[in-house]
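The values are calculated or read from the model by the stated rules, or taken from the named source; none is laboratory data. Here the structure is a predicted model, which means the values were calculated and not measured. Cβ: placed from backbone, ideal geometry, glycine included. Neighbour counts: every protein chain shown.
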Amino acid sequence: MSKSEPASGTTPSAPTEGSTESSATDFRAGFVGLLGPPNAGKSSLLNRILGERLAIVSAKPQTTRSRILGILPRENAQLLFLDTPGRHVSPKKLNEALNKVVEEVARDCDVACLLVDRTEGWTDVHDELAGSLIAMRRPTVIVGTKCDLPRAQGKDWPIEAAPEQWPACTVSSLTGEGVTALLAMIVEALPASPPLYGEDELTDRPMRWLCAEMIRESVFEMLDKELPYSMAVEVLRYDESNPKMLKIGANLLVERDSQKRIVVGRGGSMVKNIGIRSRKSIEAWVGCRVHLELFVKVDPTWLKNGRRIQELGYQ
Ligand SMILES: Nc1nc2c(ncn2[C@@H]2O[C@H](COP(=O)(O)OP(=O)(O)OP(=O)(O)O)[C@@H](O)[C@H]2O)c(=O)[nH]1
Ligand SMILES: [Mg+2]
């Protein structure tokens, strides 16, 4: 989807291999995997790099549930960033699917950025991811995030436990500090290649999916504790026939009746507020008015059923 499109863009854009006139010898292009533990700041970094709010962000860990492609054009390069779910070990079916996404991105990217939250430091998850990236001989940059936070200053940097052959840099997605230097390091490590996607593409994700994600972001924002993790958004209706008014109908799927009561809220107040917040985010994106209808539905199986997880777009 390109940002200049109106409320349309429901068709994933096909790669347009070799479609520009730039010579392959001086042009670089490739996939850049953003990897790290939950909450390391992967989605925030993607948004900062693109200058768009493409990936949803929350203060709660395990927000991202799929691979998200964000395309950054440069004069002599095309950087194809892949945001990933935070690697996290748990026996849940959804988690299994998310870790598979992480493994695939680590395997398929041309360059990896291994994100380390500077306020938390290096963890077991970094050891695991670093082990895989070394085994796959993947060029890797270690990216220290959240360097604007005072708590980041007291921690060791560069990190001793990190493989010393990898270059390191620090960034803040809040202020933008360090991002230009990081991009230069990535371009340096990319292979020579013509652009792989069209020049004005922003992502391969359809607008319908981005709208579902914005609703999910509101859920993360407005509901506490475990509830956002048990919840999925299923878009039932996406009607863009009127260019002045996009109509969306979606289910908020929860696992149990008790959760449904919380999401509906007293007299429907919670679902109403989730709807208002989501509608504002979607309107800011699509640039037209949005009519949004949300329904809360109990679906006790969605978290346990691999096919359902895939249908909902989380794989
Ligand atoms: N101060 C500050 N906060 C940041 C920065 N980057 C991310 N954050 C915050 O850290 C939290 C997690 O950020 P996300 O971008 O959602 O992290 P993530 O790695 O994508 O998390 P998952 O999708 O759950 O794996 C959010 O509250 C962000 O606002 C930064 O550079 N500075
Ligand atoms: Mg994320």
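Given the criteria surrounded by 22 or more Cβ atoms within 10 Å (Cβ to Cβ), at pLDDT 90 or above and more than 30 Å from Leu227 (Cβ to Cβ), does Ile49 qualify? Spell out the reasoning first.
On the way: surrounded by 22 or more Cβ atoms within 10 Å (Cβ to Cβ): yes; at pLDDT 90 or above: yes; more than 30 Å from Leu227 (Cβ to Cβ): yes.
In short, yes.
Can you pull out every residue in the stretch 126-158 that is under 19 Å from Ala189 (Cα atoms), touching a helix residue (DSSP H, G or I) at 6+ places or on another chain (Cβ under 8 Å) and among the charged types (D, E, K, R)?
Arg138
Of the conditions (1) basic (Lys, Arg); (2) farther than 28 Å from Ile309 by Cα; (3) surrounded by fewer than 21 Cβ atoms within 10 Å (Cβ to Cβ), Lys146 fails just one. Which one is it?
(3)
Before we move on, is Pro73 within 25 Å of Arg48 (Cα to Cα) and either away from ligand 1 (no atom under 12 Å from the Cβ) or modelled with pLDDT of 95 or more (or both)?
Details: within 25 Å of Arg48 (Cα to Cα): yes; either away from ligand 1 (no atom under 12 Å from the Cβ) or modelled with pLDDT of 95 or more (or both): yes.
Here the answer is yes, as Pro73 does meet what is asked.
Can you tell me which residue within the stretch 26-70, out of those that are among the charged types (D, E, K, R) and either assigned to a loop (DSSP other than H, G, I, E, B) or under 22 Å from Leu149 (Cα atoms) (or both), is nearest to ligand 1 (Cβ to nearest atom)? Write out each step before concluding.
We begin by selecting, within the stretch 26-70, every residue among the charged types (D, E, K, R); these are 26, 28, 42, 48, 52-53, 60, 65, 67.
Now restrict to residues that are either assigned to a loop (DSSP other than H, G, I, E, B) or under 22 Å from Leu149 (Cα atoms) (or both): 26, 42, 48, 52-53, 60, 65, 67.
Working: Asp26: 33, Lys42: 4, Arg48: 8, Glu52: 14, Arg53: 11, Lys60: 7, Arg65: 8, Arg67: 12 Å.
Going through the qualifying residues, I end up with Lys42.
Does the stretch 122-131 contain any residue that is in a loop (DSSP other than H, G, I, E, B) and on the phi < 0 side of the Ramachandran plot?
So in the stretch 122-131, the residues in a loop (DSSP other than H, G, I, E, B) come out as 122-123.
Subset that is on the phi < 0 side of the Ramachandran plot: 122-123.
Yes, that holds for at least one residue.
Scan the stretch 144-170 residue by residue and report those that are part of a loop (DSSP other than H, G, I, E, B) and within 16 Å of ligand 2 (Cβ to nearest atom).
So the first thing to find is which residues in the stretch 144-170 are part of a loop (DSSP other than H, G, I, E, B), and the list is 146-149, 154-167.
Residue satisfying the conditions is Lys146 alone.
Looking at the stretch 95-117, is at least one residue modelled with pLDDT of 95 or more, in a loop (DSSP other than H, G, I, E, B) and within 20 Å of the chain's Cα centre (by Cα)?
Yes, because at least one residue in the stretch 95-117 is modelled with pLDDT of 95 or more, in a loop (DSSP other than H, G, I, E, B) and within 20 Å of the chain's Cα centre (by Cα).
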